[in-house]
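One structure is given below, encoded as structure tokens.
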Amino acid sequence: MTIALSPESSTSIGVSEVLRRYRLAISLMFAIAGMTIGTWTARIPTIQHNIKMADGKLSICLLLLAAGGLLGMRAAGRLIDRHGSTTVMVLPSLALGGALLLAGHAPTWTTLAAALLTFGILHGTLNVAMNAAAVSCQAAYGRPIMTSFHALFSIGGVAGALLSAACAHIGLSVADAFAAAAVMSTAAAGWAIHRFIPAPIVSTDSQEATATAAPAQRRPRTRILLLGLLAFSALPRPMCMAAPPTGPAPTSPASARHPPWPPPPTPPSPRA
């Protein structure tokens, strides 16, 4: 893939500066995506306790979060083909903090499920768009830099979890912690969007080559769906957060009919 720069940007600013700013903006998008999901994940037990949700209802909420992510990823491809990855990143990056804030203020499990569905759609759309932008940035650099973007996603996840832990330590509620994360993510997204201008664009030859290769890329759809199903099956279940049972373990009928062998030694009788 060949990457060209817009003519007006190349006359006013150096190519290296354009790519540096573009890479910085994409890096912030990865950090935002990681921080928001890390902030939410760290407070799942507290949210379950506050709303008094059973494990089954929490499972439904997490299922809707994953389903929203799949819907956003599915729609992001067509949106990127029509509007470009830079344009598609604008709305989800700005709205992701608001969806997280709605999840923090949810009074019931149904409103939490709706908020998580919205959060999943926005996060999935941003995930695909920022990765597409990272691919174009890497091609413009001419050397592998994709690992740096994914590292910032992990760093953002750790930062979000630490933010939630710090807010819990000083006694702030879930809503306050999510509000702090929402303000930080929205401010970072607004600054990143401002830094997107100017940005690399794909040349006409590259677009024609991509359109020619599109039918060949659609063939392994069944394999991709199977891999997605396998990854979805590997998601952790919230049942592991249930309290362990207390009291003596129940005795099965089989163990009652067949005592353990060898039998325990009989204590000696006391002498008269």
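Bear in mind that the values in this text are calculations on the coordinates, not laboratory data. On a predicted model such as this, the values are computed, not experimentally measured, just so you know. Virtual Cβ from ideal backbone geometry, glycine too; neighbours counted across all protein chains shown.
Relative contact order (percent) for the range 79-178, with alpha-carbon contacts under 8 angstrom and 6 or more residues of separation?
Once divided by the residue count of the range 79-178, the mean separation gives 29 percent.
Measuring from label point to label point, each 7 Å out along Cα→Cβ, what is the residue 191 to residue 16 span in nm?
2.4 nm
Tell me, what ³J(HN,Hα) does each residue in the range 57-71 have, in order and in whole Hz, if you take phi through Karplus 6.51 cos²θ - 1.76 cosθ + 1.60 with θ = phi - 60° and put x for Gly and Pro?
With the stated coefficients, the range 57-71 comes to 5, 5, 4, 5, 4, 5, 5, 5, 4, 5, 5, x, x, 5, 5 Hz.
I need the peptides 137-143, 117-123 ranked by packing, meaning the mean over residues of other C-beta atoms within 10 angstrom, with the highest value on top.
Ranked from most to least packed, the peptides come out as 117-123, 137-143.
So which trypsin sites (Lys or Arg not before Pro) in the range 35-122 are both in a DSSP loop and have at most 11 other Cβ atoms within 10 Å of their Cβ?
Values: sites: 43, 52, 57, 74, 78, 82; in loops: 43, 52.
Those that pass, being in a loop and sparsely packed, are 52.
Rounded if a/c is under 1.5, else prolate if a/b beats b/c, else oblate: with a ≥ b ≥ c from the C-alpha gyration tensor eigenvalues square-rooted, which is the range 56-116? Walk me through the intermediate numbers first.
Details: a/c = 4.67, a/b = 1.84, b/c = 2.54.
Cα axes put the range 56-116 in the oblate bin.
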